[in-house]
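Participant: So that we are looking at the same thing, I have put the structure below in structure tokens.
The values are calculated or read from the model by the stated rules, or taken from the named source; none is laboratory data. All values reported here derive from a predicted model rather than from experimental measurement. Because the Cβ atoms are built from the backbone with ideal geometry, glycine has one as well, and the counts that use them run over all protein chains shown. Heads up: the accessible areas ignore ligands, DNA and RNA and are worked out on the full protein's heavy atoms, side chains in. Shrake-Rupley method; radii C 1.70, N 1.55, O 1.52, S 1.80 Å.
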Amino acid sequence: MTQTAVTSGEKAVSGANRNVESMPARQDRLNTEEGRISVAEGVVQKIAGVACREVAGVHAMGTSGTRAFNALRERIPGSAGPNVAQGVGVEVGESEAAVDLQIVVEYGVSIAEVGRSIQRNVKQSIERMTSLSVVEVNVSVDDVYLPGTEEDQPESRVS
């Protein structure tokens, strides 16, 4: 992952063979006369998690181990509830962010189309809400959800 500093009027380019497009410098929106605005990694993680879950075809997020751990954690009375940042890794600089996502897709969907939709939605959501320039959104498909598996069955009320 390449971090590129962007100054007023410059173009942002990351990685090889990317088209150089004229982009307004987003750093100007984060550095004002009144001071500097910084965005925490946790904020970007939550935005990315919510934006990813909005895409049709995404069943869950995270690896099988983290999904199992969080399912147990959510059952504990008084827990914080679902973790929207589960399956989301981010790197945040002064003016740019990079996102790594681990997802479970529903059986029958086009993984390539779902991946592109996720990339587009996550990038737009982060850039709109934070004014950070998103240099990359990497999507890793960890599993495929099959309807009718034990995850789909209701819990027994008696043991």
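Participant: Scan around Ala60 for amide H atoms under 5 Å from its own, H built in the peptide plane at 1.01 Å from N, and keep only partners 5 or more places away or cross-chain.
Facilitator: Placed amide hydrogens put Val104 under 5 Å from Ala60.
Participant: Another question, then. Count charges around Glu41 for me, please; just the other residues with Cβ under 15 Å from its Cβ, Lys/Arg as +1, Asp/Glu as -1.
Facilitator: Summing Lys/Arg as +1 and Asp/Glu as -1 gives -3.
Participant: Here's a follow-up. Compute the distance from the alpha-carbon center of the range 29-50 to that of the range 133-147, in whole Å.
Facilitator: Using only Cα atoms, the two centres lie 23 Å from each other.
Participant: Then there's this: How much of Ser117 can a 1.4 Å solvent probe reach, expressed as accessible area in Å² and rounded to 10?
Facilitator: That residue has around 40 Å² of solvent-accessible surface.
Participant: Can you list residues from other chains, or at least 5 along the same chain, whose modelled amide H is less than 5 Å from the amide H of Glu136?
Facilitator: Val99
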